[in-house]
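To keep things clear, I will list the structure first and then write my remarks on it.
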Amino acid sequence: MTTAATELARNNRGAETKGRTPEQLRELVSHWGAELELAPAETIIEWAAATFGSRFCITSSMADAVLAHMAARVVPGVDVVFLDTGYHFVETLGTRDAVEAVLPVRMLTITPKQTVAEQDAEYGPDLYARDPDLCCRLRKVEPLQEALAGYDAWATGLRRAETHHRVIAPVVGWDAKKGKVKVSPLARWTDEQVERYITDNGVLVNPLVYDGYPSIGCAPCTRRVAAGDDPRSGRWAGTGKTECGIHL
Ligand code: SF4
């Protein structure tokens, strides 16, 4: 980490436990967003961990464990938030279990307020087919918002190369909806960099990735895609929906 980043972390250590105000967080973003734009992913994670301490976590969809692997190396014991929507593929849950078993992380599995059965009872069966935005809000957006309440910053595996919708994902940005700093250490990574990191480090990958699912969400809303197609074209295929709302 740069000397300046180390100094900042030292000066702000007291803020780790009680958290910072939104104004203080936005100030950090305006300075460090530009400073870290071209920094290696490890340095970005190091900065976030040093700056936010226990008020920093990463999230993972368990398509692969690249971000979790890197974060665990830089910050052993780091919190990994996983949203269990109740609709995941068994392979995704298996990847979550394997990551928890082999990496030095604290896995936090978050569930929505209602089980799928309770949601079906209130809204009718298969809400995802009739109103996927509401289903995502109930099973992803709101549970994540609540899970992040005790953190000032969260890291995601977002990459600009994934689709044109993510072109503007900043490395360190202000998530106004959540009132948090959003860190995307892999934002500038290409597909080739991800593959190289996986190979070089023996990183866990969801087996579905090698079975035609380059982007993996809930089972009812994820389809296989043909080789060469937009990796995210299998998500909510045919509905016009492209994001669950977590990153909007
Ligand atoms: S991805 Fe589909 S099943 Fe999962 S929360 Fe969103 S709408 Fe519901």
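One residue stands out in region 125-151 among those that are within 13 Å of the ligand (Cβ to nearest atom) and part of a loop (DSSP other than H, G, I, E, B): the one that is nearest to VAL181 (Cα to Cα), namely ASP131. Would you be able to say whether some residue in region 239-246 is within 16 Å of the ligand (Cβ to nearest atom), acidic (Asp, Glu) and more than 20 Å from ALA41 (Cβ to Cβ)? Checking region 239-246: at least one residue is within 16 Å of the ligand (Cβ to nearest atom), acidic (Asp, Glu) and more than 20 Å from ALA41 (Cβ to Cβ). Between ARG159, ARG188, ARG232, ARG224, the distinction of being out of contact with any strand residue (DSSP E or B) (no Cβ under 9 Å at 6 or more places or on another chain), basic (Lys, Arg) and without any contact (Cβ under 8 Å) to a residue 24 or more places away in the chain belongs to ARG224 only. Selection over region 165-194 of residues that are among the charged types (D, E, K, R) and surrounded by 15 or more Cβ atoms within 10 Å (Cβ to Cβ) gives a count of 6. Can you pull out every residue in region 87-124 that is within 13 Å of the ligand (Cβ to nearest atom) and surrounded by 15 or more Cβ atoms within 10 Å (Cβ to Cβ)? Once the filter is applied, which keeps residues that are within 13 Å of the ligand (Cβ to nearest atom) and surrounded by 15 or more Cβ atoms within 10 Å (Cβ to Cβ), region 87-124 yields TYR87, HIS88, PHE89, THR92, ILE110, PRO112, GLN114, VAL116, GLN119, TYR123. TYR128 meets each of the listed conditions (1) in contact (Cβ under 8 Å) with a residue 40 or more places away in the chain; (2) farther than 24 Å from ALA65 by Cα; (3) open to solvent by 60 Å² or more (accessible area, probe 1.4 Å) apart from (3). One residue stands out in region 205-230 among those that are away from the ligand (no atom under 16 Å from the Cβ) and outside any loop (DSSP other than H, G, I, E, B): the one that is least open to solvent (accessible area, probe 1.4 Å), namely VAL205.
The values are calculated or read from the model by the stated rules, or taken from the named source; none is laboratory data. Nothing here was measured: the structure is a model prediction, and the numbers come from that model. Neighbour counts are summed over all protein chains in view; Cβ atoms, including those assigned to glycine, are modelled from backbone coordinates with ideal geometry. For accessibility, only protein heavy atoms count, side chains too; no ligands or nucleic acids. Shrake-Rupley method; radii C 1.70, N 1.55, O 1.52, S 1.80 Å.
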